[in-house]
4 protein chains.
Amino acid sequence: MEPLEQQQIEKALKELSGWKHEDDKLWKKFEFSDFKEALAFIVRVGLEAEIMGHHPNLFNVYNSVSIGLQTHDAGNKVTEKDVNLAMAIESIA
Amino acid sequence: MEPLEQQQIEKALKELSGWKHEDDKLWKKFEFSDFKEALAFIVRVGLEAEIMGHHPNLFNVYNSVSIGLQTHDAGNKVTEKDVNLAMAIESIA
Amino acid sequence: MEPLEQQQIEKALKELSGWKHEDDKLWKKFEFSDFKEALAFIVRVGLEAEIMGHHPNLFNVYNSVSIGLQTHDAGNKVTEKDVNLAMAIESIA
Amino acid sequence: MEPLEQQQIEKALKELSGWKHEDDKLWKKFEFSDFKEALAFIVRVGLEAEIMGHHPNLFNVYNSVSIGLQTHDAGNKVTEKDVNLAMAIESIA
């Protein structure tokens with residue numbers, strides 16, 4: 001799995017509302033009405049990640065869930081796997 | 001906690017779309033697009049139930065979740081607790 | 001996917017402590033200390049099921065989780081998929 | 001809710017194996033055999049947190065879950081609530 005080039009990432013981000021490319025990660029902060037909604041979202045994302053065989057960095061504080069995506073096997077850079085997972089997460093949220 | 005009377009249950013059901021009163025239970029079958037959505041719903045309902053200190057009977061087959069509500073401490077009849085939990089579940093779904 | 005024969009099922013059950021073969025299903029009732037433990041188990045089983053592409057019938061009442069396994073595409077009989085999922089669930093519990 | 005004094009925190013940490021006090025947080029990194037175990041743990045901790053009305057900072061990367069505890073209403077310092085939640089989490093893990 002090869003890291004995407006900057007141009008490819010920028011193209012992908014056009015379809016990923018609210019996602020950013022920083023520190024070699026795709027990331028977005030999601031906010032919910034409460035912790036219960038946030039936890040259900042984490043479970044839903046976790047199921048998708050497990051099926052895709054690619055897992056996010058998840059950071060949860062009460063009603064917020066920040067998700068960071070990068071590919072370990074590509075030197076912790078952004079690959080197509082991260083773009084695919086971001087799109088799957090976006091369609092869940 | 002006293003069982004509700006038939007009239008009270010019928011009144012409550014008017015605000016609970018798709019819920020039925022059968023076999024001394026309030027129940028409804030929810031259907032989702034897939035198992036992942038169904039499981040996230042179960043977690044979300046579970047958190048609500050735990051907070052309310054009142055738990056549903058949950059039956060899950062793939063993308064469907066059937067929920068039955070009755071109160072053990074009221075001879076397995078329907079009480080206000082069941083109506084409250086049904087309303088909370090309805091606002092989640 | 002072919003249904004297993006009675007002899008094959010009996011052989012499999014020897015390695016599945018507490019599981020029974022009834023009504024064309026493999027099933028077992030699990031009991032936990034409370035609802036929280038039961039829900040975490042449901043999530044853990046759900047992740048396994050989603051990965052295996054084969055889903056259980058789950059029935060939860062407070063601290064108990066009854067699991068029934070059968071294969072829709074084999075006329076709702078028990079197949080090797082059910083035995084494999086039962087073994088995976090057993091190693092979780 | 002008052003922040004605990006350093007001496008009180010040190011006393012609490014004696015009963016909290018593997019927990020540390022850093023940056024005004026109690027924290028510990030838990031490692032599991034895989035992501036599925038990690039996610040079930042997050043759900044289990046989430047249920048406890050919701051019941052206690054006090055929520056952790058959760059950071060998940062694949063099979064690891066780092067938990068940080070501090071009390072927003074006490075200037076993001078460690079209070080008795082954090083010690084109680086740490087003890088509850090410890091008894092889950």
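Taken together, the values in this text are just the output of simple stated rules run on the coordinates, not laboratory data. In this text, all values refer to a predicted model and were calculated from it rather than measured experimentally. In this analysis, Cβ positions are derived from the backbone assuming ideal geometry, glycine residues included, and neighbour counts consider all displayed protein chains.
Can you pull out every residue in the stretch A:53-88 that is farther than 22 Å from D:S66 by Cα and either among the β-branched types (V, I, T) or within 11 Å of another protein chain (Cβ to nearest Cβ) (or both)?
Across the stretch A:53-88, the qualifying residues are A:V78, A:T79, A:V83, A:A88.
In the set A:V45, A:V83, A:V65, which member is crowded, with 19+ Cβ neighbours inside 10 Å, among the aliphatic types (A, V, I, L, M), over 16 Å from D:Y62 (Cα atoms) and under 11 Å from the mean Cα position of the chain (by Cα)?
Exactly one residue qualifies, and that residue is A:V83.
Quick check, is A:Q70 more than 14 Å from the chain's Cα centre (by Cα) and either farther than 24 Å from C:L47 by Cα or surrounded by fewer than 22 Cβ atoms within 10 Å (Cβ to Cβ) (or both)?
no
Could you run through the stretch D:16-28 and say how many residues are out of contact with any helix residue (DSSP H, G or I) (no Cβ under 9 Å at 6 or more places or on another chain) and loosely packed, with under 14 Cβ neighbours inside 10 Å?
Matching residues across the stretch D:16-28 total 2.
Can you pull out the residues in the stretch D:1-26 that are touching a residue at least 12 places away in the same chain (Cβ under 8 Å) and small (G, A, S)?
Matches in the stretch D:1-26: D:A12, D:S17.
Report whether or not B:N76 is more than 10 Å from the chain's Cα centre (by Cα) and buried (at least 20 other Cβ atoms within 10 Å of the Cβ).
Judged against the criteria, B:N76 is not a match.
Going through the stretch C:17-43 one residue at a time, which ones are under 24 Å from A:E50 (Cβ atoms) and in a loop (DSSP other than H, G, I, E, B)?
The one that is under 24 Å from A:E50 (Cβ atoms) and in a loop (DSSP other than H, G, I, E, B): C:F32.
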